[in-house]
Amino acid sequence: QVQLVESGGGLVQAGGSLRLSCAASGRTFSSYAMAWFRQAPGKEREFVAAISWTVSITYYADSVKGRFTISRDNAQNTVYLRMNSQKPEDTAVYYCAAARTTLTRNKRSYDYWGQGTQVTVSS
């Protein structure tokens, strides 16, 4: 069992930066693939970024590639999402997720989810 708690959301101006954190409980955190998804009002939850348990493989959505960076610290049971050069279209609730199986962009493959943290980017 893994419990996930996100933090770090807030209001930022376009072009600004935020860093989201996701603290995980559970002794097997290091064996899970971790990801960030986001959901804007009236839209489906979409993939943002994912990182393998070995930290050697990362995936990004095309819309955030080059602006966002996912990282993890297995000793601290924490995964991060650094968001630079933010745009108003990045406004959404951001969710942290954990998958027991392979690294994937598919939200249906993730077994555990956090409660989400709101990110609002003003123009």
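The values are calculated or read from the model by the stated rules, or taken from the named source; none is laboratory data. What you are looking at is a predicted structure, and each value in this text was computed from that prediction instead of being measured. Here the Cβ is made from the backbone with ideal geometry for all residues, glycine too, and neighbour counts use every protein chain on show. For the accessible areas, the whole protein counts, side chains as well, though only heavy atoms, and no ligand, DNA or RNA atoms are used. Shrake-Rupley method; radii C 1.70, N 1.55, O 1.52, S 1.80 Å.
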Only strands (runs of 3 or more DSSP E) wholly contained in region 2-65 count here; list those with 3 or more residues that are of a type in the set (A, V, I, L, M, F, W, C). 18-25, 33-39, 46-51
Would you check which residues across region 95-123 are open to solvent by 50 Å² or more (accessible area, probe 1.4 Å), in a loop (DSSP other than H, G, I, E, B), under 12 Å from residue 22 (Cα atoms) and touching a strand residue (DSSP E or B) at 6+ places or on another chain (Cβ under 6 Å) and list them? none
Scan of region 44-94 for residues that are touching a residue at least 24 places away in the same chain (Cβ under 8 Å), open to solvent by 20 Å² or more (accessible area, probe 1.4 Å), more than 20 Å from residue 111 (Cβ to Cβ) and among the β-branched types (Val, Ile, Thr), ordered by number: 91
Which count do you get for residues in region 91-105 that are out of contact with any helix residue (DSSP H, G or I) (no Cβ under 7 Å at 6 or more places or on another chain), over 15 Å from residue 6 (Cβ atoms) and not basic (Lys, Arg)? 4
Which condition breaks for residue 41 when tested against (1) under 16 Å from residue 12 (Cβ atoms); (2) modelled with pLDDT under 95? (1)
Go through region 5-33 and give me each residue that's crowded, with 22+ Cβ neighbours inside 10 Å, modelled with pLDDT of 95 or more and not acidic (Asp, Glu). 20, 22
